[in-house]
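Notes for the one structure printed next.
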Ligand SMILES: Nc1ncnc2c1ncn2[C@@H]1O[C@H](COP(=O)(O)OP(=O)(O)OP(=O)(O)O)[C@@H](O)[C@H]1O
Ligand SMILES: [Mg+2]
């Protein structure tokens with residue numbers, strides 16, 4: 001097949017992950033193949049316990065799969081250890097979680113600049129990037145605040161700034177509006193859409209069909225597997241199956 005589609009930023013094949021906790025082993029991810037191309041905004045939805053967070057953790061190298069492989073920009077990560085994944089996350093993958101995960105004893109400015117400094121950006125450049133992002137995210141004037149002094153929505157915007165400060169080709173977001181009220185949720189979604197319009201590749205995990213409808217491709221995840229994978233409008237790949245009419249209706 002001739003292929004003039006954008007290059008894959010992320011590819012996974014045969015991913016499996018079983019958690020061994022206190023109770024019975026949880027087969028969270030049971031064989032996932034996935035390809036995310038440059039510029040795509042992919043939402044992964046599904047019920048609680050379906051394995052969405054586990055999948056996202058595997059894709060970001062925060063957990064290792066029991067089987068299967070992941071490629072970043074076409075490069076196999078099979079030989080990556082913890083340290084290498086940490087470096088790749090700094091450069092290539094921004095991650096936003098449900099509960100912000102800001103460093104509580106660092107100011108907003110320092111939280112955003114830290115990943116840039118760790119990646120070797122000069123202090124001057126890190127400051128410039130931080131100023132631009134905070135302005136973009138409506139947080140000018142909050143630089144010296146501590147995370148605990150901000151609202152949930154503001155903290156999540158700081159987390160977004162931190163995830164994007166190194167211009168990662170890929171943004172992974174796990175319920176980034178999960179702990180926010182509806183206003184905060186709208187804000188986060190508006191910002192994600194804006195970054196997407198500028199070409200940011202995004203993989204968003206969410207329970208919420210309304211949030212998923214901001215994406216251009218929706219993957220339904222069920223019982224550790226992809227149950228459905230569909231383009232919402234005129235995307236880069238044809239729908240494999242439909243069955244998401246409920247989501248489509250929410251789009252307007
Ligand atoms: N660290 C862990 N140890 C043991 N079991 C785990 C662990 N993390 C997840 N699980 C189990 O794996 C399954 C999938 O969990 P996961 O967090 O990936 O689901 P999810 O789709 O993100 O759910 P939610 O929508 O509630 O966030 C669940 O049965 C969960 O209990
Ligand atoms: Mg989850």
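Among 17, 91, 183, sorting on how many other beta-carbon atoms sit within 10 Å of each Cβ, with the fewest leading, yields 183, 91, 17. With both residues required to sit in the chain, DSSP beta bridges show an antiparallel share near 55%. Against the chain, whose longest principal axis comes from its Cα atoms, helix 82-92 is set at around 80 degrees. At full extension, residue 128 and residue 84 could sit 13.1 nm farther apart than now, given 0.36 nm per residue minus the alpha carbon distance. Per residue, the average separation of C-alpha pairs within less than 8 Å and at least 6 apart gives the chain a relative contact order of 26 percent. The angle separating the long axis of helix 108-118 from the principal Cα axis of greatest extent in the chain is about 70 degrees. Over the chain, the hull volume per residue, using the convex hull of the C-alpha atoms, is 143 Å³.
Note on residue 136 and residue 3: the model spin-label points, each 7 Å out from Cα along the C-beta direction, lie 2.9 nm apart. Could you work out which residue, out of 147, 25, 123, moves most in a Gaussian network model of the chain, that is, has the largest mean-square fluctuation with Cα springs under 10 Å? Between 147, 25, 123, it is 25 that shows the largest mean-square fluctuation. The GNM of the chain, with springs linking C-alpha atoms under 10 angstrom apart, assigns the highest mean-square fluctuation among 137, 171, 204 to 137.
Using a simple spin-label model with pseudo-atoms 7 Å out from Cα toward Cβ, residue 19 and residue 119 lie 2.9 nm apart.
When you restrict to C-alpha pairs under 8 Å that are six or more residues apart and normalise by the size of segment 125-220, the relative contact order lands at 26 percent. Placing R0 at 22 angstrom, the Cβ-Cβ distance between residue 69 and residue 222 gives a FRET efficiency of 0.45 after rounding to 0.05. Helix 182-197 sits at what angle to the longest principal axis of the chain, using alpha carbons and giving 0 to 90 degrees rounded to 10? Helix 182-197 and the main axis of the chain meet at about 80 degrees. Distance between the pseudo-spin-label points of residue 91 and residue 143 (7 Å out from Cα toward the beta carbon): 2.9 nm.
If you run the Gaussian network model on the chain, springs between alpha carbon atoms under 10 Å, then out of 188, 36, 103 the most flexible one is 103.
Taken together, the values in this text are just the output of simple stated rules run on the coordinates, not laboratory data. A quick note: this is a predicted structure, and the numbers were derived from the prediction, not measured. With ideal geometry, Cβ positions are generated from the backbone for all residues, glycine too; neighbour counts draw on all protein chains shown.
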